[in-house]
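Just so you know, all these numbers are worked out from the coordinates, no wet-lab data involved. Source: prediction; values computed, not measured. Here the Cβ positions follow ideal geometry from the backbone for every residue, glycine too, while neighbour counts run over all protein chains shown.
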Amino acid sequence: MSINNPLTKNIEKGRAPFTFAEYKAAGGYQSFANAIKMAPRDVMGQVKDAGLGGRGGAGFNTGLKWSFSPDPDGLPRYLVVNADEMEPGTFKDRLLMESDPHLLIEGMITASYAIQATTGYIFLRGEYTVAEENLLKAIAEAYDNGMLGKNIQGSDFSLDIYLHTSAGRYICGEETALINALEGKRANPRFKPPFPQVSGLWGRPTLVNNVETICNIPGILTYGVDWFKGLGLGDECGTRISGVSGRVKNPGCWEMPVGTTFRTLLEDYAGGMQDGYELKAFLPGGGSTDFLMPEHLDLPMIPGEVAKAGSRLGTSLIMVLDDKTCPVGTVRNLIKFFAHESCGWCTPCRDGLPWVEHILNKMEEGKGEMKDIEILKEMCGYMGPGNTFCALAPGAAEPLQSSLKYFMDEYESHVKHGCSYKSH
């Protein structure tokens, strides 16, 4: 961690997660004491004013999202934490849950008070066994110390938190598919509206937030809106965890001020490219974002600025493509993943992605035709926004469409000569 955030500065590689006592001694579990003095809507207002954008990829203002919840009616309502982290190239939530599980629990308690949720669920990726173990231990400690259960800290507010281990599908990252899975149904997306804030889990008001988003809540309510805003660069608010994978000298992730540039992340923190390799391109926010080029490195990691360059910030963990790795093969690998993870609910995704994978396989095997390139272009449109039930296929199309934009000569070379990278 790279900045002076009291609640995360003690996350260190190899350190065991804090116990309840250690976490509280470091300043934890103060946010609920502050929140309980306020009306729930005022807590929402603080989160909104802090400018916290969702950290799951969409970047929507968190407090504003909360405010869409209807007023309590005395019946159950839910907070669900999306911890089913399956975006290729993304591993930040795993770091938080394994190293600082009490931070997530504290965030859930305070967020649940704000939306008046009676029950919280952590929907966890099944492969995250260390996170599962650490979260279960932390939840038990929170119950033992009166931070969960009935009348928390002597207040009128009660909350139970349950850990749900997912059977595992990428589509569960879509909030309504996640809700279906949590109910024991097939993980298909739902029609919207109604949105989960109004009718979600078992037909009741439900807020679904990403792990990192919820982990920002304790700091805002403990240290204040101005403190959180002051962590960003310029007019930007807060921090976010960003990272790098690929052939860099120091792959990993770091907590940095919002507004930090890609160049700072890649060169100062990740140590630049490994000796003998050059940066060819990068995916700025996981496997379902458009490629950016070396000339984009000085862009600040802000959703709006990245959008102007033709991509999305997504999860803010960049995947580096080096000059000795085939871009066509890279895209094929991503498409293979997305095709496998399609829920099959709509035709462009169910049939389109396997067809794209088939064409890319032909090209990698030296059997491609020039007309295949035109078909790939057409498929990007068929799978684009507005043509599918959810964002899985449009996201899968992003690395494909941008690779056709930046690496057309590579596709044509594959057709004429086969893949030239296989000897590297």
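Which values of log₁₀ I(q)/I(0), to two decimal places, follow from the Debye formula for the range 56-212 at q = 0.11, 0.13, 0.20 Å⁻¹ with a uniform point scatterer at every Cα?
Values, matching the q order: -0.40, -0.57, -1.38.
Can you give the Kirkwood hydrodynamic radius for the range 20-121, in Å, rounded to one decimal and based on Cα pairs?
Values: mean 1/r = 0.0674 Å⁻¹.
Hydrodynamic radius (Kirkwood, Cα only) of the range 20-121 equals 14.8 Å.
Apply the Karplus parameterisation 6.51 cos²θ - 1.76 cosθ + 1.60, with θ equal to phi minus 60°, to every residue of the range 225-230 and state each ³J(HN,Hα) to the nearest whole Hz, in sequence, with x for glycine and proline.
Couplings: 4, 4, 4, 5, 4, x Hz.
If amide H atoms are built 1.01 Å from N in the plane of the peptide, which residues on other chains or at least 5 residues away come under 5 Å of the amide H of VAL80?
Here the answer is TYR121, LEU207, VAL208, ASN209, since their amide H atoms fall under 5 Å of that of VAL80.
Which of the GluC sites (Glu not before Pro) found in the range 162-203 are loop residues per DSSP with 13 or fewer other Cβ atoms within 10 Å of their Cβ?
Details: sites: GLU174, GLU175, GLU183; in loops: GLU174, GLU183.
Those that pass, being in a loop and sparsely packed, are GLU183.
To the nearest 20 debye, what charge dipole does the range 20-230 have about its Cα centre, counting +1 at the Cβ of each Lys and Arg and -1 at the Cβ of each Asp and Glu? Before the final figure, lay out the partial values.
On the way: 19 positive and 24 negative charges, 117 e Å.
Here the size comes out at about 560 debye.
Could you work out the equivalent-ellipsoid semi-axes for the chain, taking the square root of 5 times each eigenvalue of the Cα gyration tensor, largest first, in whole Å? Let's see the in-between values first.
Working: eigenvalues 300, 119, 65 Å².
After diagonalising the Cα gyration tensor, the semi-axes are 39, 24, 18 Å.
Rounding to the nearest 20 debye, state how big the charge dipole of the chain is about its Cα centre with +1 on each Lys and Arg Cβ and -1 on each Asp and Glu Cβ.
My answer is approximately 540 debye.
Mean 1/r over all different Cα pairs, inverted: what Kirkwood radius does the range 178-331 give, in Å?
Details: mean 1/r = 0.0568 Å⁻¹.
Radius from the Kirkwood sum: 17.6 Å.
Sorted from largest to smallest, which semi-axis lengths in Å does the alpha carbon gyration tensor of the range 240-322 give for its equivalent ellipsoid, taking the root of 5 times each eigenvalue?
18, 14, 11
Along the positive direction of the dipole of the chain (beta-carbon charges: Lys, Arg +1; Asp, Glu -1; about the Cα centre), which of ALA16, SER69, HIS358 reaches farthest?
About the Cα centre, the residue reaching furthest to the positive side is SER69.
Normalised by the residues of the chain, what does the relative contact order come to in percent, with Cα pairs under 8 Å and at least six apart?
Value for the chain: 15 percent.
In the range 110-153, how does Rg compare with the Kirkwood Rh, expressed as the Rg/Rh ratio over alpha carbon atoms? Working shown, then result.
Working: Rg = 12.1 Å, Rh = 11.8 Å.
Here the Rg-to-Rh quotient is 1.02.
Compute the orientation-averaged projected area for the range 131-239 from the convex hull of its Cα atoms and round it to one decimal in nm². Kindly include the intermediate steps, with their values, before the conclusion.
Numbers: hull surface 38.4 nm².
For the range 131-239, the mean projected area of the Cα convex hull comes to 9.6 nm².
Take every DSSP beta bridge with both residues inside the chain and express the antiparallel ones as a percent of the total, to the nearest 5.
Numbers: 15 of 36 bridges.
So the antiparallel bridges in the chain amount to around 40 percent.
Cross-link candidates for LYS367: which aspartates and glutamates have Cα within less than 20 Å, leaving aside residues fewer than 8 places away along the same chain?
Hits, sequence-local ones excluded: GLU357, GLU378, ASP409, GLU410, GLU412.
Pairs LYS37/LYS150; LYS65/LYS229; LYS308/LYS371: which exceed 25 Å Cα-Cα? Walk me through the numbers before you get to the answer.
Numbers: LYS37/LYS150 18 Å; LYS65/LYS229 19 Å; LYS308/LYS371 31 Å.
Flagged as over cut-off: LYS308/LYS371.
Could you please report the charge total around GLY259, scoring K, R as +1 and D, E as -1 over all other residues with beta-carbon less than 14 angstrom from its beta-carbon? Before the final figure, lay out each step's value.
Working: positive: LYS229, ARG240, ARG263; negative: ASP235, GLU236, GLU255, ASP298, GLU305.
My count for the surroundings of GLY259 gives -2.
Rounded, prolate or oblate: pick one for the range 119-179, where a ≥ b ≥ c are the square roots of the eigenvalues of its C-alpha gyration tensor, a/c under 1.5 means rounded, and failing that, prolate if a/b is larger than b/c, else oblate. Can you show the working numbers first?
On the way: a/c = 4.95, a/b = 1.74, b/c = 2.84.
Oblate, since a/c reaches 1.5 and b/c is not below a/b.
Can you order the peptides 335-345, 368-378, 35-45 by their average number of other Cβ atoms within 10 Å per residue, highest first? Walk me through the numbers before you get to the answer.
Details: 335-345: 19.0, 368-378: 14.8, 35-45: 17.3.
Descending packing order for the listed peptides: 335-345, 35-45, 368-378.
How large is the Kirkwood hydrodynamic radius of the range 327-417, counting all unique pairs of alpha carbons, in Å? Walk me through the numbers on the way to the answer.
Working: mean 1/r = 0.0781 Å⁻¹.
One decimal place: 12.8 Å for the Kirkwood radius.
From the Cα gyration tensor of the range 44-100, with a ≥ b ≥ c the square roots of its eigenvalues, which class applies: rounded if a/c is under 1.5, or else prolate if a/b is larger than b/c, or else oblate?
Numbers: a/c = 2.34, a/b = 1.61, b/c = 1.45.
Prolate shape, in that a/c is at least 1.5 and a/b is the bigger ratio.
Enter the Cα centre distance for the pair the range 238-307 and the range 52-129, rounded to the nearest angstrom.
Result: 25 Å between the Cα centres.
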